[in-house]
Amino acid sequence: MQNQDAAALPAKCKAFYSSYGSSIDHQLRLFAQFTPAAEPAPMLINMHGWHGNIKDGHTDNVDPCTCGRFTMIAPEMRGRGDSSGRPDANGWELYDGVDVLDACRRSMPAAVSSSAAPRLWGGSGGGSNVLGLLGKFPDLFSAAVCEVGVSDFGLWFLHDAVGEFCDEMEGAGWIGGNPTTRPEAYLSRGGRTTAMNLLTPLLMIYGMADPRVPFEQATVYLDAARAHQRDHLITTLFFPGVGHPGHYGGLDEAGHQKRQESVTAHLNQHGQAPQLPEKGTLVVAGYLVTKRFAVMLESVDCVALLEYDLSCLQFTLHAPSSRTAKIRMTGCAEWDSMECQPLPLADIKKRLRLELPY
């Protein structure tokens, strides 16, 4: 496929690999594969795997299901394929996956339904992206599917029996350091950390004997969601004895069919975006973007608790390391600065009801 600008392409065509821009770093040149529907349809983002890329079609052992009538978008993560930048493991790279929605709306309006909310799917590292996106953009997606995703990068680092991922998290600087030396940075990356933000119906699929993404990554997320009364939003499909070689090694034909049917049904069942409560508490893992407001901490490696009340536009941030933050109401061009109230990391973990070995 030839690289082209998305805005220069017709709305009705076969899959094409095209560039788009970043709203937070104008120096970046990002790419995605777009597969427009023949008529207006909901957008479905497909997040590729940790070692995968879109340009070469490497899915990292989790192939997307055929999900029905959607305009499909597969973002090329930073530093993969032709996308510039460097991977940062559920950091700013997640923002790129949302910027692609606006690029699709602008360039292919005839292929995008104006009334339907976008859906989200990802497998392996892409499943990790799904959990991160749901926490950072809690009221954006109407339905999401996480297949064999990492929910806690610190636990993944410490329990990496395969020895396949720590070098990138630490040595290659995708996060930097390790969970002991940089616990807040690892905490900020995990969907488990932001499970209390979950508003989107979520389907989780895992092989229970997977050595690359251990099954505990599913159970700890479910425990966190349950602790914050969010587990009613989650549907699970777990396969005993499945997980090697590849994430679905050992899965029989009936299991593959069940997976396909479950993903298709889930993505088509939920079409309405969730509504953010008028007041409450949310986790900010580096940044938080809702349809009403956005918050950015001093670093994507920071975590904070936000108490908010939209009826009177009151916002209070409690953070262990970020001393200031930026906040912007939707529709405003400028960011306002706000101070963070000090709160030790241990107290953040306690408020999030997380028992961690780091």
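Couple of notes before you dig in:
- Rounded to the nearest 20 debye, the dipole magnitude of the chain is 740 debye, with +1 charges on Lys and Arg beta carbons, -1 on Asp and Glu beta carbons, and the Cα centre as origin.
- Coupling constants for the stretch 94-103 follow from the phi torsions by the Karplus curve (6.51 cos²θ - 1.76 cosθ + 1.60, θ = phi - 60°), and in residue order they are 5, 4, 4, x, 8, 4, 5, 5, 5, 4 Hz; glycine and proline get x.
- For Cys340, the amide hydrogen comes within under 5 Å of the amide hydrogens of Thr324, Ala325, counting only partners 5 or more places away or on other chains and with H modelled in the peptide plane.
- When the Cα positions of Asn178, Ala15, Leu30 are compared along the charge dipole of the chain, Ala15 comes out farthest toward the positive end, with charges on each C-beta of Lys, Arg, Asp and Glu.
- For the chain: Kirkwood Rh in Å [reciprocal of mean 1/r, alpha carbons]: 20.4
- Amide H contacts under 5 Å for Asp139, placed H, 5+ residues apart: Lys291
- Computed label-point distance, nm, for sites Gln229 and Val162 using a 7 Å Cα→Cβ extension: 3.8
- Length-normalised contact order for the chain - Cα pairs under 8 Å, 6+ apart - percent: 14
- Counting 0.36 nm for each residue step from Cys312 to Gln257 and taking away their Cα separation leaves a gain of 14.8 nm.
- Between Cys332 and Phe238, the FRET efficiency from the beta-carbon distance, with R0 = 51 Å, is close to 0.70.
- Within the chain, percent of DSSP bridges classed antiparallel, to nearest 5: 55
- Backbone geometry of the stretch 150-157 corresponds, through the Karplus equation with coefficients 6.51, -1.76 and 1.60 at θ = phi - 60°, to 3J(HN,Hα) couplings of 7, 9, 9, 5, x, 5, 4, 4 Hz, x marking Gly and Pro.
- For the stretch 303-320, 3J(HN,Hα) per residue [Karplus equation, 6.51 cos²θ - 1.76 cosθ + 1.60, θ = phi - 60°, Hz, x = Gly/Pro]: 10, 8, 10, 10, 9, 9, 9, 6, 5, 10, 6, 9, 9, 9, 10, 10, 9, x
- Taking 13 Å as the cut-off, the amide N atoms of the stretch 340-357 that come nearer than this to a point 7 Å along the Cα-to-beta-carbon line of Glu298 belong to 340-343.
- Antiparallel DSSP beta bridges within the stretch 31-150, as percent of all bridges there, nearest 5: 30
- Within-9-Å neighbourhood charge of Asp152 [Cβ basis; K, R +1; D, E -1]: +1
- Placing a label point 7 Å from the Cα of Asp347 along the Cα-to-Cβ direction, no residue of the stretch 180-198 has a backbone N closer than 12 Å.
- Sequence ranges 221-233, 64-76, 252-264, 122-134, ranked by mean other-Cβ count within 10 angstrom, highest first: 122-134, 64-76, 221-233, 252-264
- Look at where the Cα atoms of the stretch 156-208 and of the stretch 15-49 average out, and the two centres are 25 Å apart.
- One decimal place: the segment Thr324-Ala38 gains 98.3 nm when fully extended, by the rule 0.36 nm per residue minus the C-alpha distance.
Where a number appears in this text, it was derived from the coordinates with a stated rule and is not lab data. Since we're looking at a predicted model, the values are computed, not measured. Reconstructed Cβ throughout: ideal geometry from the backbone, glycine too, with neighbour counts over all protein chains shown.
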